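**Student:** Handing you this structure, nothing more for now.
Read the figures in this text as sums done on the coordinates, not as results from a lab. In this text, all values refer to a predicted model and were calculated from it rather than measured experimentally. Every residue, glycine as well, gets a Cβ built from its backbone with ideal geometry; the counts of neighbours run over all protein chains shown.
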């Protein structure tokens, strides 16, 4: 039998209220951000849940008057980086359950991913495909700056780097994205 675990103390009313408010106000944005990083619904859910577990554990460390969204995006970013480090070197390929195409009532899946709706309504196909080809760090800085419209200072806080690093990463990511989109457009014309 395993080592007995220490019982977890029940949350205080303040802690429970803080977490409930956080999930209610920022749960969707947190999931959307996680999905943009992972491109996978299950991973995004896991990442979001783990982020809110961290919020629950460290709720007193949140400084009122600062951006909660920046704080939780930083948590999500760090969790995602940790997961990428753990997975590094492992070969992963999703195995389809069967060869039949998936059919959904009404023509849409029950859980439509927010990023898919956004991409369909806002981004062109070449841009969406090009975004997928960026590294996670490049995609993250583009999402934070150009989609979420965060300031360089906020992005630096979320990514845990200097403003200068944000500027250079964003410059390189945008240049690469332009080249990738151009290639997509050229391939489409052929």
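**Student:** Applying 1/(1 + (r/R0)^6) with R0 = 25 Å to the Cβ-Cβ distance of residue 46 and residue 135, what FRET efficiency is obtained, to the nearest 0.05? Mind showing how you got there, number by number?
**Tutor:** On the way: r = 21 Å, r/R0 = 0.83.
That pair, residue 46 with residue 135, gives E of 0.75.
**Student:** Determine the principal axes of the Cα atoms in the range 124-190, then give the extent along each, sorted from largest to smallest and rounded to whole angstroms.
**Tutor:** Over the range 124-190, Cα extents along the principal axes are 43, 18, 16 Å.
**Student:** Order the peptides 47-59, 28-40 from the highest to the lowest mean number of other Cβ atoms within 10 Å of their residues. Can you show the working numbers first?
**Tutor:** On the way: 47-59: 17.9, 28-40: 20.6.
For the peptides 47-59, 28-40, the packing ranking is 28-40, 47-59.
**Student:** Same structure again: For the pair residue 61/residue 147, report the inter-label distance in nm, with labels modelled 7 Å from Cα in the Cβ direction.
**Tutor:** Simple spin-label model gives 2.7 nm for this pair.
**Student:** Let me ask another. Put a dot 7 Å past each Cα toward the Cβ at residue 165 and residue 83; how far apart are the dots in nm?
**Tutor:** Inter-label distance under the simple model: 2.2 nm.
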